[in-house]
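Novice: Dropping a structure here in structure tokens format, bear with me for questions.
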Amino acid sequence: MAMADCMQEWPEPVVRVQAVAESGLAAIPDCYVKSPRDRPAAQHLATAASAGGDVLHEPLDTSIPVIDLGELVAATADEGRMRQIMEAVAAACREWGFFQVVNHGVAPELMRAAREAWRGFFRLPITAKQQYANLPRTYEGYGSRVGVQKGGPLDWGDYYFLHLAPDAGKSPDKYWPTNPAICKDVSEEYGREVIRLCELLMKVMSASLGLEATRFQEAFGGSECGVCLRANYYPRCPQPDLTLGLSAHSDPGVLTVLLADEHVRGLQVRRADGEWVTVQPARHDAFIVNVGDQIQILSNSMYKSVEHRVMVNAKEERISLALFYNPRGDVPIAPAPETVTPERLALYPPMTFDEYRAYIRKYGPRGKAQVDGAKQGQGS
């Protein structure tokens, strides 16, 4: 079956994870059980339930970098401070592929309002949400799986997916929930503010590679870049040691800006040594930012996208909002000429984001198999 055909409908009936969680089962169905090597470690699960004082904190040398953007946002940073911020972002992109930002210009009140609006949606009865059930042709709406492989493994999470930009590609009103009534307006305002943050971060990243500050934005499609919002809901799970809320993957786009749950930890990042590190948000109004595959490609692997995954919890549900900043779909992305030398050849052939994204939409999250497979001569 051609990819375009198999991506029109789900291969089997979709079961809401919330429904499974609320059914009272003591053991999770086999389709959610991960292989032993992919399951979360016991010491990580023991610390994921709370952000309170009893949480085991990771050693300082494994902490995700936290970058203060206050002076940059206020345009009061002098040349020395600008250089410090650029160096901090560059180091985070090289060594982690993840960092947190504080004093980023997005109002804490707006962040809370967006998160609570989606919490309100996910707490509605499932019957009230089913009218927004999504399909793999666009993924817009209420979903419970990624990938169209029949019988494939599933993750312990439901989500809601929407397009926020550009104007021509915005999700129509029919895809937006009307309850809570504030959901659309607050999400669009939140999206506009986070897009501004993404554009600022792209200037910093571009300049930190020695490129013109506007180079990243231009290479990815200028004002026609795509922006998507995915609201994630991870219900309580009776066997969190056997499954994941979201399997290990790197993000296919440019940047992801995550607003994590203010109480429950769950996001993990794979360090260069292969160990998983649980991310503790620096503050309730911090964003967690990660490099997507397209920056790895454009930077010729000088900056790396990194695998991450989500743990679930036996006692607490978890909500998060992920904003994905993506290239325009039809623009070929390849290593910038300035990153290519006789000693460092171009690692990736040109490929549009529409072509690239089709992989995860067909197969679901699969580590870094896609970006690694996209290297010259390796195929995907």
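The values are calculated or read from the model by the stated rules, or taken from the named source; none is laboratory data. Note that this is a predicted model, so its numbers are computed, not measured. Cβ atoms come from the backbone with ideal geometry, glycine included; neighbour counts cover every protein chain shown. Just the protein is used for accessible areas: all its heavy atoms, side chains included, with ligands, DNA and RNA removed. Shrake-Rupley method; radii C 1.70, N 1.55, O 1.52, S 1.80 Å.
Novice: Which one of the conditions (1) crowded, with 18+ Cβ neighbours inside 10 Å; (2) modelled with pLDDT of 95 or more; (3) under 27 Å from Arg215 (Cβ atoms) does Val310 fail to meet, given that it meets all the rest?
Specialist: Failed condition: (3).
Novice: Looking only at region 81-101, which residues are touching a residue at least 40 places away in the same chain (Cβ under 8 Å) and either more than 21 Å from the chain's Cα centre (by Cα) or open to solvent by 10 Å² or more (accessible area, probe 1.4 Å) (or both)?
Specialist: Ile85, Met86, Glu87, Arg94, Glu95, Trp96, listed by residue number.
Novice: Which condition breaks for Pro252 when tested against (1) of a type outside the set (D, E, K, R); (2) under 24 Å from Arg39 (Cα atoms); (3) part of a helix (DSSP H, G or I)?
Specialist: With (1) of a type outside the set (D, E, K, R); (2) under 24 Å from Arg39 (Cα atoms); (3) part of a helix (DSSP H, G or I) applied to Pro252, the lone miss is (3).
Novice: Taking interchain pairs and intrachain pairs at least six residues apart, which have beta carbon atoms under 8 angstrom, with the first residue in region 220-247 and on the phi > 0 side of the Ramachandran plot and part of a loop (DSSP other than H, G, I, E, B) and the second among the charged types (D, E, K, R) and open to solvent by 10 Å² or more (accessible area, probe 1.4 Å)?
Specialist: If the second residue must be among the charged types (D, E, K, R) and open to solvent by 10 Å² or more (accessible area, probe 1.4 Å), the pairs left are Gly221/Arg328.
Novice: Give the number of residues within region 149-171 that are over 30 Å from Asp30 (Cα atoms) and open to solvent by less than 60 Å² (accessible area, probe 1.4 Å).
Specialist: Summing the residues that are over 30 Å from Asp30 (Cα atoms) and open to solvent by less than 60 Å² (accessible area, probe 1.4 Å) in region 149-171 gives 6.
Novice: Cβ-Cβ below 7 Å, separation at least six or inter-chain, first residue in region 12-34 and among the charged types (D, E, K, R), second at pLDDT 95 or above and not in a loop (DSSP other than H, G, I, E, B): which pairs?
Specialist: Every condition considered, the pairs that remain are Arg16/Ile126; Arg16/Asp158.
Listed here are the residues, each with its yes/no results for (1) modelled with pLDDT of 95 or more; (2) outside any helix (DSSP H, G or I); (3) farther than 22 Å from Ile319 by Cβ.
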residue: His44; (1), (2), (3): no, no, no
residue: Gly52; (1), (2), (3): no, yes, no
residue: Val55; (1), (2), (3): no, yes, no
residue: Glu58; (1), (2), (3): no, yes, yes
residue: Thr76; (1), (2), (3): no, yes, yes
residue: Ile85; (1), (2), (3): yes, no, yes
residue: Ala90; (1), (2), (3): yes, no, yes
residue: Cys93; (1), (2), (3): yes, no, yes
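Novice: Which residue, of Ala128, Ala113, is surrounded by 15 or more Cβ atoms within 10 Å (Cβ to Cβ) and either in a helix (DSSP H, G or I) or among the acidic types (Asp, Glu) (or both)?
Specialist: None of the other options fit; the residue is Ala113.
Novice: How many residues are among the hydrophobic types (A, V, I, L, M, F, W, C) and closer than 20 Å to Gly329 by Cβ if we restrict to region 195-224?
Specialist: First, the residues of region 195-224 that are among the hydrophobic types (A, V, I, L, M, F, W, C): 195, 197-198, 200-202, 204-205, 207, 209, 211, 213, 216, 219-220.
Checking the rest, the ones that are also closer than 20 Å to Gly329 by Cβ come to 195, 198, 202, 216, 219-220.
Qualifying residue count for the region: 6.
A quick yes/no check of all residues on (1) open to solvent by less than 10 Å² (accessible area, probe 1.4 Å); (2) over 30 Å from Ile297 (Cα atoms); (3) among the aliphatic types (A, V, I, L, M):
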{"residue": "Pro235", "(1), (2), (3)": "yes, yes, no"}
{"residue": "Gly245", "(1), (2), (3)": "yes, no, no"}
{"residue": "His249", "(1), (2), (3)": "no, no, no"}
{"residue": "Pro252", "(1), (2), (3)": "no, no, no"}
{"residue": "Thr278", "(1), (2), (3)": "yes, no, no"}
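Novice: Could you list all residues from region 313-367 that are among the polar types (S, T, N, Q) and out of contact with any Lys or Arg (no Cβ under 7 Å at 6 or more places or on another chain)?
Specialist: Keep residues of region 313-367 that are among the polar types (S, T, N, Q), which gives 313, 320, 326, 339, 341, 352.
Selection gives Ser320, Asn326, Thr339, Thr341, Thr352.
Novice: Something else now. Could you check Ala4 against (1) surrounded by 11 or more Cβ atoms within 10 Å (Cβ to Cβ); (2) modelled with pLDDT under 90 and say which number it fails?
Specialist: (1)
Novice: Another question about this same structure. Please go through region 204-219 and pick out each residue that is at negative phi and touching a residue at least 60 places away in the same chain (Cβ under 8 Å).
Specialist: Scanning region 204-219 gives Val204, Met205, Ala207, Ser208, Leu209, Leu211, Arg215, Phe216, Ala219.
Novice: So, one more: Could you tell me which of the residues Asp30, Asp38 is surrounded by fewer than 17 Cβ atoms within 10 Å (Cβ to Cβ), touching a strand residue (DSSP E or B) at 6+ places or on another chain (Cβ under 8 Å), closer than 30 Å to Ile126 by Cα and at pLDDT 90 or above?
Specialist: Asp38
Novice: What about Ala369, is it modelled with pLDDT under 80, open to solvent by 40 Å² or more (accessible area, probe 1.4 Å) and hydrophobic (A, V, I, L, M, F, W, C)?
Specialist: Yes; evaluated as a whole, the condition is true for this residue.
Novice: In this structure, does Ser301 turn out to be at positive phi and in contact (Cβ under 8 Å) with a residue 12 or more places away in the chain?
Specialist: Answer is yes for this residue.
Novice: Considering only region 162-200, state which residues are assigned to a loop (DSSP other than H, G, I, E, B) and either of a type in the set (Phe, Trp, Tyr) or in contact (Cβ under 8 Å) with a residue 40 or more places away in the chain (or both).
Specialist: Going residue by residue through region 162-200, those that are assigned to a loop (DSSP other than H, G, I, E, B) are 166, 170-172, 176-182.
Within region 162-200, Pro166, Trp176, Pro177, Asn179, Pro180, Ile182 qualify.
Novice: Name the single residue that is farthest from Pro166 (Cα to Cα) among those in region 320-361 being of a type in the set (Ser, Thr, Tyr) and surrounded by fewer than 17 Cβ atoms within 10 Å (Cβ to Cβ).
Specialist: Taking region 320-361 first, the residues of a type in the set (Ser, Thr, Tyr) are 320, 325, 339, 341, 348, 352, 356, 359.
Right, trim to surrounded by fewer than 17 Cβ atoms within 10 Å (Cβ to Cβ) and you get 341, 352.
Details: Thr341: 35, Thr352: 17 Å.
Checked region 320-361; the qualifying residue farthest from Pro166 (Cα to Cα) is Thr341.
Novice: Quick one: count up the residues across region 213-242 that are hydroxyl-bearing (Ser, Thr, Tyr) and over 19 Å from the mean Cα position of the chain (by Cα).
Specialist: Residues of region 213-242 that are hydroxyl-bearing (Ser, Thr, Tyr), as a first pass: 214, 223, 233-234.
Filter once more, keeping what is over 19 Å from the mean Cα position of the chain (by Cα): 214, 223.
Residues flagged as hydroxyl-bearing (Ser, Thr, Tyr) and over 19 Å from the mean Cα position of the chain (by Cα) within region 213-242 amount to 2.
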